[in-house]
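**Student:** Dropping a structure here in C-alpha cells format, bear with me for questions.
Just so you know, all these numbers are worked out from the coordinates, no wet-lab data involved. Only a predicted model underlies this, so the values are computations on that prediction, with no experimental measurement involved. Here the Cβ positions follow ideal geometry from the backbone for every residue, glycine too, while neighbour counts run over all protein chains shown.
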Amino acid sequence: MLLELNHQKLDVYTFSKQFVLECYKLTKILPSEEKFSMCSQIRRAALSVHVNIAEGASRKCEVETKRYFEISRGSIIEIDAALDIAFELKYLVNFDTTDLNLSMVNSFKLLTGLIKATQKN
C-alpha cells in the first residue's frame, strides 16, 4: 500500500482485505491435488473482491463504480459456491471458518449497500 487513497478508508475495503487473508489461510489446508484448481480459483476470486472494490471506488462514473462493486460481490458468491463443494468433500473439517464467515458476510452486506446506494443516484 504505497498510495493513500479514499478506498482505503471504506469499511468494505477493510473487511474484504480480511476476507482475502482468510481465504489464503483456508487454501493452505486444502489437499495438494487442489492446488491448481480449487485453491487457485478461491485465491483469484478473493483477490478479485478486494481489487475490484479499490478500482470501483476510484471511478468517477457511478455506473462504472456500481459495476466494479457488482463484480466484487459476484466473486464472493463464487467463493461461497467453491466452499460449498469443499465442505461436501470434507476438506474443511479441521478449519475454523468463523473469521472467514464474518469477513465474507460483512463484505457482502456492505457491497450490497454500496450497490443499492449507487442505484438511487
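**Student:** Among I29, I71, I53, which one moves the most in a GNM of the chain with springs linking Cα atoms closer than 10 Å?
**Tutor:** I29
**Student:** To the nearest 10 degrees, how steep is helix 40-58 against the longest Cα principal axis of the chain, on a 0 to 90 scale?
**Tutor:** 10 degrees
**Student:** Could you work out which residue, out of S32, S107, S72, moves most in a Gaussian network model of the chain, that is, has the largest mean-square fluctuation with Cα springs under 10 Å?
**Tutor:** Looking only at S32, S107, S72, the largest GNM fluctuation is found for S32.
**Student:** Tilt of helix 62-88 relative to the longest C-alpha principal axis of the chain, in degrees (0 to 90, nearest 10)?
**Tutor:** 10 degrees
**Student:** Sticking with this structure for a sec: A117 to L47: FRET efficiency via 1/(1 + (r/R0)^6), r the Cβ-Cβ distance, R0 25 Å, to the nearest 0.05?
**Tutor:** Efficiency computed from Cβ-Cβ geometry: 0.55.
**Student:** Right, something else. Picking from V105, N94, A81, whose Cα lies most toward the positive end of the charge dipole for the chain (charges on Cβ: Lys, Arg +1; Asp, Glu -1)?
**Tutor:** So the residue we want is V105.
**Student:** Another question about this same structure. Please state the Cα pair-distance histogram of the chain with 5 angstrom bins from zero: what percent is in each bin?
**Tutor:** With 5 Å bins starting at 0, P(r) equals 2, 12, 22, 23, 16, 11, 8, 4, 1, 0.
**Student:** Where does helix 11-28 land angle-wise versus the long Cα axis of the chain, in degrees 0 to 90, nearest 10?
**Tutor:** 20 degrees
**Student:** What distance in nm separates the simple spin-label points at D99 and K28, each placed 7 Å from Cα in the Cβ direction?
**Tutor:** The modelled label-to-label distance comes out at 0.9 nm.
**Student:** State to the nearest 20 debye the size of the charge dipole of the chain about its Cα centre, where the only charges are +1 on K and R beta carbons and -1 on D and E beta carbons. Could you put the intermediate results ahead of the total?
**Tutor:** Numbers: 16 positive and 15 negative charges, 78 e Å.
Here the size comes out at about 380 debye.
**Student:** While we're here: How big is the charge dipole of the range 9-58 about its Cα centre, in debye rounded to the nearest 20, if each Lys and Arg gets +1 on its Cβ and each Asp and Glu gets -1 on its Cβ?
**Tutor:** The calculated dipole for the range 9-58 is roughly 120 debye.
**Student:** Here's a follow-up. For L30, L111, which order do you get if you count the other beta carbons within 10 Å of each Cβ and list the fewest first?
**Tutor:** Lowest count first: L30, L111.
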